[in-house]
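Below is one structure, written out as structure tokens; comments come after it.
The values are calculated or read from the model by the stated rules, or taken from the named source; none is laboratory data. Computed from a predicted model, the values in this text were never measured in an experiment. Backbone-built Cβ (ideal geometry, glycine too); neighbour counts: all protein chains shown.
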Amino acid sequence: MSKKIFICRECGYAFPIELSNLINQNIQVYCEKCGSPFVLEGVKFKQVQAPVNRKFTPSVVLSEKESSNLDKFIQFLNKISFLFFSFLFRLN
Ligand SMILES: [Zn+2]
């Protein structure tokens, strides 16, 4: 297995072996010195910082959660008002 040294085009920083291994796996790495993405001609790197769960549509999940929370909140208010009125009724 031949060792390749990858050099940042922006600042000339030599990527360490751990990052070189990621580059060999076509995983996008960023320069530790200047933060610019490593570019290799003819190679498309996988973006690994993207969220893993892409099946969920955030807006749909959020609205479902909100509606169920609202239902629970309304039920909670109903209980509170019921307890409150029964309490008043007992006082009288
Ligand atoms: Zn750099």
How many of the residues making up the stretch 37-92 are modelled with pLDDT of 80 or more and within 30 Å of Tyr13 (Cα to Cα)? 11
Residue tally, condition within 16 Å of the ligand (Cβ to nearest atom) and in a loop (DSSP other than H, G, I, E, B), over the stretch 15-49: 14
Total residues in the stretch 1-35, condition of a type in the set (Asp, Glu) and touching an Asp or Glu at 6+ places or on another chain (Cβ under 7 Å): 0
